[in-house]
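What follows is a set of notes on a single structure, which appears directly below.
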Amino acid sequence: MTAEHTDLTGTFLTLDDGRPAVRFSRVYDHPVDKVWHFVTDPDELAGWFPARAEMELRPGGLVSFTGDPAMEDFPGRVIAVEPPRHLSFDWGGDELHFDLEPLDTGHTRFTLTNVLIAEDTAARNGAGWEVCLSALDAKAHGVGYTGPHAGLTEPWKAYYAAYLDAGVPSGAPVPRAD
């Protein structure tokens, strides 16, 4: 995979309140309750999210992030939760918003919005989410995902280069990059 042959699914945007964000959307052939399980169950999350996330599913609830290869373990807080449609939490200074919309015939639109602490993290985080969401896509389609879903792997590097080529804001340090 090279930058010129890498399809990007994330969009860089500025939210109404002026904060920068990257947003991804997928449609899965599962009912909303199943996709909610992918987003909230620690064992399911561990298969596609950058870290294992144990969380108290209530506003203000603690989220414990462990096992991210690029960061030390750290805590977060649930910002909002409306099962099975919305979950948002603090993630190392950023906010992650998961919105699930039931569609006809048992499908669900999954939207991830990463509200960024700084605009220059957009390309770095966008590349990371591309890799993570590839693992979620495989899980949702019942296909085993054999590649790493987090870290500075070859797929991440190609996505990062493609985001740079697309002019997405960059410049933030990349944790554990040599």
| Restricting attention to segment 48-69, and to residues there that are buried (at least 17 other Cβ atoms within 10 Å of the Cβ), of a type outside the set (Val, Ile, Thr) and over 18 Å from residue 85 (Cβ atoms), which single residue is modelled with the lowest pLDDT? | 68
| If only one of 83, 31 is of a type outside the set (Phe, Trp, Tyr), modelled with pLDDT of 95 or more and open to solvent by 80 Å² or more (accessible area, probe 1.4 Å), which one is it? | 83
| remark: If we take segment 78-177, then strands (runs of 3 or more DSSP E) inside it with 1 or more residues that are without any contact (Cβ under 8 Å) to a residue 24 or more places away in the chain and touching a His at 6+ places or on another chain (Cβ under 6 Å) are 86-91, 94-102
| said: Looking at segment 12-39 only, could you name the residues that are of a type outside the set (A, V, I, L, M), touching a residue at least 24 places away in the same chain (Cβ under 8 Å) and over 18 Å from residue 94 (Cα atoms)? | reply: 25, 26, 28, 29, 30, 31, 33, 34, 36, 38
| Only one of (1) closer than 18 Å to residue 44 by Cβ; (2) in contact with a Phe, Trp or Tyr (Cβ under 6 Å, 6 or more places away or on another chain); (3) without any contact (Cβ under 8 Å) to a residue 40 or more places away in the chain; (4) of a type outside the set (A, V, I, L, M) fails for residue 64. Which number is that? | (2)
| Could you say which residue among 109, 19, 77 is open to solvent by 50 Å² or more (accessible area, probe 1.4 Å) and closer than 21 Å to residue 138 by Cα? | 109
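The values are calculated or read from the model by the stated rules, or taken from the named source; none is laboratory data. Please read all numbers here as calculations on a predicted model, not as lab measurements. Note that each Cβ is placed from the backbone with ideal geometry, even for glycine, and that neighbours are counted across all protein chains shown. Ligands, DNA and RNA are stripped out before the accessible areas are found, and what is left, the full protein with its side chains, is counted by its heavy atoms. Shrake-Rupley method; radii C 1.70, N 1.55, O 1.52, S 1.80 Å.
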